[in-house]
Amino acid sequence: MVSLYLPIVKFILALKLEFSKPQRNHLFTLVHGIILCAGRKNITQIRNAARQDCHLSSVTHFLNHAPWCVNRMQRRRMQFVIEKIRAKRLKNGDARRLVFFIVDDTCCKKETSTKKMEALSFQYSHESGKSVWCHCVVTSHVVSEGNSYAWDFRPYYREEYCDEHRLSFKSKNDLALEMIEAFPATQDEQAYVLMDSWYTSEKVINACNRKGFHVIAAVKTNRLICVSGVTISMADFAAQYLRKSDLRSVTVESQGTYWIYEYEGPLSEMENVKALLSWKDEYADSSKPQVCLLCTDLSLDLVTIQRYYHVRWNIETGYRYFKELLGFDQYQLLSFEGIQRFWAIQFLTQNFLESQRQDWMKNDIHLTLGDVVYRIRQEFFGQIIVYVYQQALEKKPLFDILKHLKIPA
């Protein structure tokens, strides 16, 4: 009998989701199918890859209409993740309890012909450099103790859509603020919130300060600083006053060499922060900084700030795994409730894969999520071969074996 991959079953049961047995079976099928399905991943392909005896209409009904609470599933999943991180920290005996909380957004692009899919609109895509027809999602990611987990998400709606559907409009900064305020860091954990320049607004940074979180984020070069009583933008200050002799050459492991000017003082609405004006590899006189970083932890040195900010790359690679490996943006569901449930199951799937990666990384063997997926697929394929061999020994008809495996003759 070809069965579900046992670690998936154990992971989902450990979350104690309070699903009915049919709902639990559909969840097993979807997570299993998302991992096993190669190529394009719509619900049909995901269901076929899992090779389970459930009708397609039952799976789509589970996503669109079944009475289960996605918020409860999210809460249970997040609690499992944070407990796993803290258990590893306790085992390692780490004195400094660092947690990196990363915020960003991504677009799930769709063809403009998909008019019947709910909540689609034209949104600006940084990746494409233009507006695209899509769903936009603000997400967060947690990195700690070598773990890298997708954490939470909020769909972003344009103001016109909110007016049309009588929804309360929330900007991307508002959605990021919600996730930051909900993150359950303890008193003995030091959380660093990592963001790009889109999210470094005064209200987001103030919210981080209230929570006791530090911020390390990119800022735009037009932000104002005050040097010797003169208020000037960072770009103008660099072009008019900085020379190479004012900069420090800093080498950051696995990132390369930077030329950096360190500023400490007020920056726009913020009273006292560190700002790093940096150029990668080479510096040209009177040039604008290539990257400007803001840090609210004044105790950190230049190298540590650069190294901590580089952790933000986890959310970018996370988006790549989500879209290319798990099919996060390949859904063809019309109901937006079904789409949000599909996203929640995608987050659960990523968390399972990361948990499995941590369990398999013994003796400092480096594995990626792609390696984990490949290994699971190979083990499942081996299970099919064993099943076919056993059926052949019992002299079962080939047609019956192919029918059971849902393989056309």
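The values are calculated or read from the model by the stated rules, or taken from the named source; none is laboratory data. What you are looking at is a predicted structure, and each value in this text was computed from that prediction instead of being measured. Heads up, the Cβs are rebuilt from the backbone with ideal geometry, glycines too, and the neighbour counts pull from every protein chain shown. All accessible areas refer to the heavy atoms of the entire protein, side chains included, with ligands and DNA or RNA removed. Shrake-Rupley method; radii C 1.70, N 1.55, O 1.52, S 1.80 Å.
Some observations on this one:
- Considering region 76-108, the residues that are without any contact (Cβ under 8 Å) to a residue 12 or more places away in the chain and surrounded by fewer than 14 Cβ atoms within 10 Å (Cβ to Cβ) include one that is nearest to Leu120 (Cα to Cα), namely Gln79.
- Yes/no for Val142 being over 26 Å from Lys21 (Cβ atoms), open to solvent by less than 70 Å² (accessible area, probe 1.4 Å) and in contact with a helix residue (DSSP H, G or I) (Cβ under 8 Å, 6 or more places away or on another chain): yes
- One residue alone among Ser254, Ser286 is closer than 21 Å to Ile102 by Cα and either assigned to a loop (DSSP other than H, G, I, E, B) or of a type in the set (Asp, Glu) (or both), and that residue is Ser254.
- Neighbours by Cβ (under 9 Å, 6+ apart or cross-chain): first from region 286-314, free of Cβ contacts under 8 Å to residues at least 40 places away in the same chain; second among the small types (Gly, Ala, Ser) and not in a loop (DSSP other than H, G, I, E, B): Gln290/Ser278
- Those helices (runs of 4 or more DSSP H) of region 120-222 in which at least 2 residues are β-branched (Val, Ile, Thr), considering only elements entirely within it, cover 202-211.
- Among the conditions (1) buried (at least 20 other Cβ atoms within 10 Å of the Cβ); (2) under 15 Å from Met270 (Cα atoms); (3) of a type in the set (A, V, I, L, M, F, W, C); (4) over 31 Å from the mean Cα position of the chain (by Cα), the only one that Ala238 does not satisfy is (2).
Each row is one residue, and each column tells you yes or no for (1) under 25 Å from the mean Cα position of the chain (by Cα); (2) in a helix (DSSP H, G or I); (3) among the polar types (S, T, N, Q).
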{"position": "Leu4", "(1), (2), (3)": "no, no, no"}
{"position": "Ile8", "(1), (2), (3)": "yes, yes, no"}
{"position": "Leu27", "(1), (2), (3)": "yes, yes, no"}
{"position": "Gly33", "(1), (2), (3)": "yes, yes, no"}
{"position": "Lys41", "(1), (2), (3)": "yes, no, no"}
{"position": "Ala49", "(1), (2), (3)": "yes, yes, no"}
{"position": "Ser58", "(1), (2), (3)": "no, yes, yes"}
{"position": "Met78", "(1), (2), (3)": "yes, yes, no"}
{"position": "Ile82", "(1), (2), (3)": "yes, yes, no"}
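- Take the conditions (1) in contact with a helix residue (DSSP H, G or I) (Cβ under 6 Å, 6 or more places away or on another chain); (2) in a loop (DSSP other than H, G, I, E, B); Leu277 misses just one of them, which is (2).
- Any pair with Cβ under 6 angstrom, 6 or more apart, that starts in region 162-175 at a residue that is at negative phi and ends at one that is β-branched (Val, Ile, Thr): Lys172/Val138; Asn173/Val204; Leu175/Val138
- Residues that are open to solvent by less than 10 Å² (accessible area, probe 1.4 Å), part of a strand (DSSP E or B) and aliphatic (A, V, I, L, M), drawn from region 289-311: Leu293, Leu294
- The condition of being open to solvent by 40 Å² or more (accessible area, probe 1.4 Å), at negative phi and part of a helix (DSSP H, G or I) holds for only one of Phe399, Phe380, that being Phe399.
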